[in-house]
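Read the figures in this text as sums done on the coordinates, not as results from a lab. Just so you know, these numbers come straight off a predicted model, no measurement behind them. With ideal geometry, Cβ positions are generated from the backbone for all residues, glycine too; neighbour counts draw on all protein chains shown.
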Amino acid sequence: MFPRRKECDDINEVINICNDPETKEFFDNSDYDFDGLVIKINEDKFRDQLKETDHHPRRAVAYKFPAQLASTQIVSVDFQVGRT
């Protein structure tokens, strides 16, 4: 079971978790759809230095998994004219 929260000592540990095949397997086999992880900095001294933008805090970043590719086939197309 993948932990809901994991504390890391350095950026290399974060990268290893993101690239770990067990991480991908957990999310692929979960009952929920996931598209990534949220990486946060918990140490106050770094949080204060990073501050925030108008849009979001810099102490947290979203890591998105690579997009999954799939093929599909168009079976039919219906055209209609509407009146407005």
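Screening Phe34, Phe46, Phe65 for residues that are touching an Asp or Glu at 6+ places or on another chain (Cβ under 7 Å) and within 20 Å of Lys6 (Cβ to Cβ) leaves exactly one candidate, Phe65.
The C-beta contact set for segment 46-73 (first residue within 22 Å of Val14 (Cα to Cα), second residue exposed (fewer than 10 other Cβ atoms within 10 Å of the Cβ), distance under 7 angstrom, 6+ apart or interchain) comprises Arg58/Lys51; Ala60/Val38; Ala62/Val38.
Scanning segment 28-56 for residues that are surrounded by 10 or more Cβ atoms within 10 Å (Cβ to Cβ) and either among the small types (Gly, Ala, Ser) or in contact with a strand residue (DSSP E or B) (Cβ under 9 Å, 6 or more places away or on another chain) (or both) returns Ser30, Asp35, Gly36, Leu37, Ile39, Lys40, Ile41, Arg47, Leu50.
I'd like to verify a number: residues in segment 5-50 that are among the charged types (D, E, K, R), part of a helix (DSSP H, G or I) and either closer than 28 Å to Leu69 by Cβ or under 15 Å from the mean Cα position of the chain (by Cα) (or both), how many?
Here the count works out to 4.
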